[in-house]
Amino acid sequence: MTGISRILLFMVSCVFTQNVVFVRLLGSGEAVREDRGVGAAACLGIATAAVMTLAALCGWLVRSLALVPLHAEYMTLTALALLCVALAYLAAAVVRGVKPALAEALGEGLPMIAANCAVLGVALIDLEKGASLLDATLGGLFGGLGFLLAIVLMAGVKERIAYSKVPAPLKGLPISLISAGLVALAFMGFMGLA
């Protein structure tokens, strides 16, 4: 198998068959709760994907260059958690500096990236698999793209539901969870690909 086809299969696996939200259930609260619209969801998803990629890259570097030589692998989770918080706040500061209007539109969504378990989860999964630097970085990038896809899909579904006639007992969170389950079932159709 060539390098390009391996990377493409890895991307399909991370984005569809091993999606962090719909399959691994990491960050699913943010995807189900997102109700600011598709545009705001896309911006938040892009910021989260960037932080996820940087967290996977920096996490690999910290573990390989600092924790393993010091025989302190048991500190991996703590180091990754601190790293994810620092990267999330760095991304929030960059967005506020570059596009203040976008930062205001996203509101509390930017600081919530630090508390998003998908960011920490993807970096930790890559490290536990013993991935190389390239594989860890690509895992973070493709996991971030999977999160972006999930959050935009759920925002679109919620916009569509807002104009639909939903029975009273199912309004709000119940219909969101049902919708998320149906989207997750649709993602299972990709299981044979990767």
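The table below lists the values:
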{"item": "Magnitude of the charge dipole, the chain, Cβ model with Lys/Arg +1 and Asp/Glu -1, debye to 20", "result": "360 debye"}
{"item": "Where trypsin sites (Lys or Arg not before Pro) in DSSP loops with at most 13 other Cβ within 10 Å are excluded, longest remaining stretch of the chain", "result": "1-128"}
{"item": "The range 124-142-the range 43-66 distance, computed between alpha-carbon centres (Å)", "result": "10 Å"}
{"item": "Average Cα contact separation per residue, the range 15-98, under 8 Å, 6 or more apart, as relative contact order %", "result": "23 percent"}
{"item": "Apportionment of accessible area to carbon and sulfur, the chain, percent (1.4 Å)", "result": "72 percent"}
{"item": "Accessible-area ranking of 126, 135, largest first, probe 1.4 Å", "result": "135, 126"}
{"item": "The range 1-108, Rg to Rh (Cα coordinates; Rh as Kirkwood inverse mean 1/r)", "result": "1.03"}
{"item": "Estimated inter-spin distance, residue 105 and residue 177, nm [label 7 Å along Cα→Cβ]", "result": "3.2 nm"}
{"item": "Most mobile listed residue (179, 164, 132) in the chain, GNM with C-alpha springs under 10 Å", "result": "164"}
{"item": "Where the Cα pairs of the chain fall when distances are cut into 5 Å bins, in %", "result": "1, 8, 16, 18, 18, 15, 12, 7, 3, 1, 0, 0"}
{"item": "Within straight-line cross-link reach of residue 171, lysines at Cα separation under 17 Å, skipping those fewer than 8 residues along the same chain", "result": "158"}
{"item": "Per residue, in Å², the accessible surface of the chain once ligands and nucleic acids are set aside, probe 1.4 Å", "result": "52 Å²"}
{"item": "FRET efficiency, 1/(1 + (r/R0)^6) with R0 35 Å, evaluated for residue 184 and residue 74 via beta carbons", "result": "0.55"}
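The values are calculated or read from the model by the stated rules, or taken from the named source; none is laboratory data. Note that the coordinates shown come from a computational prediction; the quantities given were computed from them, not determined experimentally. Neighbour counts are summed over all protein chains in view; Cβ atoms, including those assigned to glycine, are modelled from backbone coordinates with ideal geometry. The protein model used for the area step is the full one, side chains on, heavy atoms only, and it has no ligands, DNA or RNA in it. Shrake-Rupley method; radii C 1.70, N 1.55, O 1.52, S 1.80 Å.
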